[in-house]
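What follows is a short report on a single structure.
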Amino acid sequence: MASSSRPIVIIGAGGIVRDAHLPAYSKAGLRVASICDLVPAKARELAAKFGIPHVAADVRDAVGNAPSGAVFDVAVPASEVLSVLPTLPGGAAVLIQKPLGENLAQARAIRDLCRARRLTAAVNFQLRFAPAVEQARCMINEGRIGAITDIEVRVTCYTPWEMWPFLESAPRVEILYHSVHHVDLIRSFCGDPSAVYAKTMNHPRAPKLASTRSTIILDYGDSVRANVTANHAHAYGSKHQESYIKWEGTAGAIKTRMGVLLDYPHGMPDEFEYVELDGSGRSEWKSLPLDGTWFPDAFWRRMANLMAYLDGAGPQLAASVEDAYRTMAVVESAYASSETGGTPITYD
């Protein structure tokens, strides 16, 4: 946790704020000072539910009446980030909802604006802070499973995209708004890939959306296999739905279930299993209890990391705008790969 709880000013009162940001901040005892939204009734509803003392009339009102030392939690669609950031005070602290713009050009503009205005800015790639991921990172850093040889993210579920109506007009959906989490997660363990292969596509069940299914391969040479498989259109019941991250190493493996994606937004519990090779050939998988789940705990941990960095209690700002820009570069290349297509096959 941060050494002090700075006041939070939330810009945006959409579903992710209702279902994740505010429950997380409430659970961790973080103080939300005010909230605003283009639809004031939505902001008033959340203020009443979560005890937020002030509902601002608009962004300028929220910024103008922000308490000293406030962190601005900008939870607006990616296309609107560039319109919000110029209203913030120079040198302010800001947490920007992912993704960092709708494309790499917007991501670059956001990064450059944060530099020019000296904003201490981080991006809400909160999957890095999920308790299961933090447990895995701790074990990997301790050498418990050896050097990573394989990292896989697989999502086979049914996602109620109708909860986010703005996505119906978005030119990019699945990789940009969902698998970007997984790309960022893999980068946080393996660094920058040298190349990416990808294909993303829509589904007849969601004809208004640009895409709901993707396959992504991140190229780390011949030593690490890293891939993401996402299918959000599996509407055939829960029996064969999947949602997991798996790390394999030279001395063991870890597999964790991301339960929130199963029956979203209600979700199922996260799970954590691991195995360490003992040389006997009789190694067995073991389970570890987790202190919390991705939703909502990763959200307060994400904010706490930013606060700790601001207070000098944390040496590293995870998923800073500078680092998030590199995740967006991978995403942009994934879309380029999808549009280019695979290598044609000669059958003669």
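The values are calculated or read from the model by the stated rules, or taken from the named source; none is laboratory data. Quick caveat: nothing in here was measured; it's all calculated off a predicted structure. Using ideal geometry, Cβ is built from the backbone for each residue, glycine included, and neighbour counts are taken over all protein chains shown.
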For segment 89-106, pairs from a residue that is among the charged types (D, E, K, R) to a residue that is surrounded by fewer than 17 Cβ atoms within 10 Å (Cβ to Cβ), with Cβ under 8 Å and 6 or more apart or across chains, are E102/S79; E102/P171
Only one of D297, D323, D291 is modelled with pLDDT of 95 or more and either closer than 17 Å to Q135 by Cβ or in the same structural domain as L176 (by TED's automatic domain parsing) (or both), namely D297
Scanning segment 238-267 for residues that are among the aliphatic types (A, V, I, L, M) and more than 20 Å from L185 (Cβ to Cβ) gives A251
In segment 1-50, anything hydroxyl-bearing (S, T, Y) and surrounded by fewer than 15 Cβ atoms within 10 Å (Cβ to Cβ) is listed as S3, S4
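Here is a yes/no grid of residues against (1) surrounded by fewer than 20 Cβ atoms within 10 Å (Cβ to Cβ); (2) of a type in the set (K, R); (3) in contact with a helix residue (DSSP H, G or I) (Cβ under 9 Å, 6 or more places away or on another chain); (4) at pLDDT 95 or above:
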site	(1), (2), (3), (4)
Q241	yes, no, yes, yes
W247	no, no, yes, yes
G252	no, no, yes, yes
T256	no, no, yes, yes
Y264	yes, no, yes, no
D270	no, no, yes, yes
E273	yes, no, no, yes
L277	yes, no, no, no
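Condition check ((1) surrounded by 19 or more Cβ atoms within 10 Å (Cβ to Cβ); (2) touching a residue at least 40 places away in the same chain (Cβ under 8 Å); (3) in contact with a strand residue (DSSP E or B) (Cβ under 7 Å, 6 or more places away or on another chain)) across all residues:
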| position | (1), (2), (3) |
| --- | --- |
| L306 | yes, yes, yes |
| A313 | no, yes, no |
| A336 | no, no, no |
| Y347 | no, no, no |
Here the residues within segment 34-59 that are under 20 Å from M307 (Cβ atoms) and either touching a residue at least 60 places away in the same chain (Cβ under 8 Å) or within 24 Å of the chain's Cα centre (by Cα) (or both) are S34, I35, F50
If we take segment 202-267, then strands (runs of 3 or more DSSP E) inside it with 1 or more residues that are not assigned by TED's automatic domain parsing to the domain that holds L185 are none
For segment 89-126, the count of residues that are assigned to a helix (DSSP H, G or I) and either of a type in the set (S, T, N, Q) or in the same structural domain as K255 (by TED's automatic domain parsing) (or both) equals 2
Taking segment 145-192 and keeping residues part of a loop (DSSP other than H, G, I, E, B) and either among the aromatic types (F, W, Y) or surrounded by fewer than 17 Cβ atoms within 10 Å (Cβ to Cβ) (or both) leaves G146, A147, P160, W164, P171, G191, D192
